[in-house]
1. How high is the relative contact order of the chain, in percent, counting Cα pairs under 8 Å that sit 6 or more residues apart?
2. Using only C-alpha positions, report the orientation-averaged shadow area of the convex hull of region 122-167, nm², one decimal.
3. GNM on the chain, C-alpha springs below 10 Å: top fluctuator among 143, 242, 231?
4. Can you work out D for the chain in µm² s⁻¹ from Stokes-Einstein, where Rh is the Kirkwood radius over C-alpha pairs, the temperature is 37 °C and the viscosity is 0.692 mPa s?
5. Order of 11-23, 48-60 by packing, highest average Cβ count within 10 Å first?
6. Rounded to a whole number, what is D in µm²/s for region 1-94 from Stokes-Einstein with the Kirkwood radius over alpha-carbon pairs (10 °C, 1.306 mPa s)?
7. Which of 116, 127, 82 has the fewest other C-beta atoms within 10 Å, and how do the rest follow up to the most?
8. Only Lys, Arg, Asp and Glu count, each charged at its Cβ (+1, +1, -1, -1), so figure out the dipole size of the chain about its Cα centre, rounded to 20 debye.
Amino acid sequence: MSESPIKVTLLGTGGPRPDPQRSGPATLVQIGNMPILFDVGRGVVVQTMRAGVALQALRHVFITHHHFDHIGDLYDIGLSSWFAGRKEALTIHGPPDTKRLLQALLTQVYDKDIEWRSEGEPVHGGWPPMLGHDVGTGLVYECERWRVYAEPVVHGHGLDFSPAFLKRWICYGYRLETQGKVIAISGDTVDCAGLRRLAMGADVLVQCCYLAGAEINSPHFERLAKYTLACGDSVGRIAAQCGVKTLVLTHQRPRPDDAMVEVLRQEVQREFSGRVVVASDLDEVVLDGV
Ligand SMILES: [Zn+2]
């Protein structure tokens with residue numbers, strides 16, 4: 001089988017706080033003409049189009065966890081890809097409960113809209129299903145050309161949540177392997193064994209990195225950096241110890257200016273000698289020659 005070009009596009013590099021400069025978390029991996037989405041944050045549909053991808057080509061979305069900034073436009077990607085001509089199912093892979101969330105959208109929020117357009121605008125054809133796929137850890141999807149592994153990651157688990165909530169709060173990172181290359185998507189996490197397994201030897205690690213070390217200047221941010229989201233004080237070390245080749249930093253906080261981005265880059269480069277991309281929306285990493 002001939003090799004297909006592999007490209008990673010940072011569709012959205014922001015977080016939950018609305019940011020005119022950054023869309024919500026979403027990363028696009030293209031293997032040849034197969035687009036695969038990781039998370040569907042605010043603005044993902046328009047960003048996918050800006051990246052030059054035909055929405056109707058989408059077949060697989062992988063959800064890292066159920067914070068609203070990562071799943072907020074789930075309905076939009078399903079319904080807009082239908083308008084664009086999608087005829088086949090769109091599978092939404094994610095942690096336990098993904099199927100339930102999707103069913104709620106399709107049967108309790110958008111059921112009338114779907115019926116209206118199916119019957120009132122038959123030009124779209126019938127509704128091509130969105131299928132929820134709750135996945136465990138390990139190998140979660142495999143086809144001829146690529147496979148995806150999920151690893152549990154630690155995202156707020158050390159905070160004061162009840163055991164009942166923590167049972168339901170399951171967060172993943174993903175590792176996509178194709179043609180001898182590895183692309184790791186950290187999801188939202190602090191340093192943990194799951195993150196290190198998925199990042200090990202990765203050609204590209206798309207890593208959440210909310211703050212530069214210099215911005216961790218209050219008890220709130222100290223707690224955040226320790227329990228919730230990795231920051232500039234740890235991501236370079238993790239990438240170096242895991243043998244990552246290209247480290248892409250995303251999930252940025254809104255900032256009044258970009259001066260801190262350079263501070264963050266230099267901080268990370270003190271511990272990591274590979275390539276560092278402090279990503280802006282629509283930045284691309286092409287894997288040839290990574
Ligand atoms: Zn989150």
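1. So the answer I get is 18 percent.
2. Mean projected area of the Cα convex hull: 6.5 nm².
3. 143
4. Values: Rh = 19.2 Å.
Once the numbers are plugged in, D ends up at 171 µm²/s.
5. 11-23, 48-60
6. 120 µm²/s
7. With the fewest neighbours first, 116, 127, 82 line up as 116, 127, 82.
8. 400 debye
Each value in this text was obtained by applying a stated rule to the coordinates, not by laboratory testing. The shown structure was predicted, so the numbers you read here are calculated from the model rather than taken from an experiment. Because the Cβ atoms are built from the backbone with ideal geometry, glycine has one as well, and the counts that use them run over all protein chains shown.
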